[in-house]
Amino acid sequence: MTILIKECTAITMSDPFVRRGVSIAIKDGKIAKISEDPTAFAGQHFDTLIDGRGKLALPGFVNAHTHLAMVLLRGYSDDRNLYDWLEQDIWPAERKLTEEDVYWASLLGIAEMLRSGTTAFCDMYFFMDAVAQAVKESGMRAVLSYGIIAPQPGEKAQKELAITEKFLRDWHTGAEGRIRVAVGPHAPYTCCNEVWQDARDLAVQYNTLIHTHLQETQAEVNDSIRQYHQSPTERLAALGVFEAKTVAAHGVHLSDSDVKILVRHGVGLAHCPTSNLKLGSGIAPVQKYTEMGLAVGIGTDGAASNNNLDMLEELRLAALLAKRSDPTALPAADALRMATITGAQILGLEGVGHLAEGAPADIIVIDTQGAHWQPGHNPVSDLVYAAHASDVETVIIAGRVVMKDREILTFDEAKAKQKVRALSAKYRRN
């Protein structure tokens, strides 16, 4: 499959950050050439031609933390604190989940992400074979983890770890390399020490990530200090968990000491501002974290606590929240890096997240002709502060066009919508 995007404005994530009037040639899943020369591709045949005039091309967004199939529970429980939301509403509802529910909800979630420009995501949930199948069929790129919940050692803990290892054997590097499997202990407060150490060993054995939640609320930190005389970060470091490459979601309540531990061990943070605000968990001080050397990507979290999977909205909120007392904090280009190349780096997605010759061709094309894009002084500013998800026109992943002219080409989006509406009946409240 060969593709040519003709005469677009490109945001590269490197120097020069913006290139105008460029054409991008794609071959064998990678970016073959980027050129401002209008004659560079004369006489060459391409399977797909995309007119880039009046459009913006950039790396697809990397959603660094979500629970994809929770679109099934969108609007199910709102205006609650995290623990009441989880323990009284979400966890009881999730006991009703089936593999079919998760498969169709995952397809619907992928449709939502594609339509808002996401080309890769990091997921934790249940029935992960169904999520992987949806990723394989859709053409999406993903890091997938089964959510291990095992507060005590014993038979249940070993069963959770066995599910994870089977998922690793079955799907790691699957779907032509678009799927990577991570080890997913849910959180320090839901997994015992023994499970954490076994999870680390699995991640090291398979040379993959640990994906977890960390210090989302102040109560989590207080409970850990009371029980273990350590913050959750200190506890995991003492257990040797960070010997495996780790990405942690939230990190709203990290002390300077916690941040230094994460930086020293190369742990990446997935910042999820909408979910943290909606659940009343607080606002992560990401400007301070990045100044201390912490690598921070952006995630939406699940649609049950967001309530959408729109990375454009998420990166805009991240930028604006960082400015609440300093308008110079987290400039638009830095927020965009977090949502693309930094997100890819903390997930170990080599080469993803920038436009460069030889890089994987994960590219989105955005229409800039809407009124909200005019007069067009600065395409980076316009993208971060003004763009809508509906501006995303074409999505290319691993050199394959998966959405063109706002039509998803790899699966039946209408059927996914219909199936999720039907399957959601058992979750409805009277």
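The values are calculated or read from the model by the stated rules, or taken from the named source; none is laboratory data. Not measured: the values here are computed from a predicted model. So basically every Cβ, Gly included, is an ideal-geometry build from the backbone, and we count neighbours across all protein chains shown. Accessible surface areas use protein heavy atoms only, side chains included; no ligands, DNA or RNA. Shrake-Rupley method; radii C 1.70, N 1.55, O 1.52, S 1.80 Å.
Listed values, structure above:
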{"item": "Solvent-accessible ranking of LYS417, LYS159, largest area first, probe 1.4 Å", "result": "LYS159, LYS417"}
{"item": "Carbon plus sulfur fraction of accessible area for region 126-194, probe 1.4 Å, in percent", "result": "53 percent"}
{"item": "Across LYS30/LYS159; LYS96/LYS166; LYS166/LYS417; LYS6/LYS245; LYS245/LYS323, pairs whose alpha-carbon gap is larger than 32 Å", "result": "LYS30/LYS159; LYS6/LYS245"}
{"item": "Region 44-140 - percent relative contact order, Cα under 8 Å, separation 6 or more", "result": "42 percent"}
{"item": "Within the chain, helix-based [θ] at 222 nm, where runs of 4 or more DSSP H residues each add -39,500 (n - 2.57), nearest 500", "result": "-9500 deg cm²/dmol"}
{"item": "Helix 218-228 vs. the chain, principal-axis angle (Cα, 0 to 90°, nearest 10)", "result": "40 degrees"}
{"item": "Within the chain, longest stretch clear of exposed GluC sites (Glu not before Pro) (DSSP loop, no more than 16 other Cβ within 10 Å)", "result": "177-349"}
{"item": "Region 344-430 - percent of accessible surface contributed by carbon and sulfur, probe 1.4 Å", "result": "47 percent"}
{"item": "Prolate/oblate/rounded call for region 1-83, Cα gyration tensor, a/c under 1.5 rounded", "result": "prolate"}
{"item": "Fraction of accessible area attributable to carbon and sulfur, region 1-52 (%, probe 1.4 Å)", "result": "48 percent"}
{"item": "Kirkwood-type radius of region 168-288, with distances r between different C-alpha atoms, in Å", "result": "14.9 Å"}
{"item": "Cα gyration tensor category, rounded, prolate or oblate, for region 372-430 with a/c compared to 1.5", "result": "oblate"}
{"item": "Rounded Å value of the spacing that divides the Cα centres of region 139-178 and region 201-225", "result": "15 Å"}
{"item": "Fraction of beta bridges assigned by DSSP in the chain that are antiparallel (%, nearest 5)", "result": "40 percent"}
{"item": "Heavy-atom accessible area per residue - region 228-343, 1.4 Å, Å²", "result": "32 Å²"}
{"item": "Region 132-200, accessible area per residue, ligands and nucleic acids excluded (1.4 Å, Å²)", "result": "38 Å²"}
{"item": "Accessible heavy-atom area order of ARG53, ARG337, highest first, probe of 1.4 Å", "result": "ARG53, ARG337"}
{"item": "Correct option for volume of the Cα convex hull per residue in Å³ [calculated from the coordinates] among (i) 280; (ii) 136; (iii) 163", "result": "(ii)"}
{"item": "Mean-position separation - Cα centroids, region 341-396 and region 29-65, in angstrom", "result": "12 Å"}
{"item": "Spin-label pair GLN218/ASP79, simplified geometry with 7 Å Cα→Cβ offset, distance in nm", "result": "2.4 nm"}
{"item": "Theoretical gain in end-to-end length, GLN374 to ALA356 [0.36 nm per residue, Cα-Cα removed]", "result": "3.7 nm"}
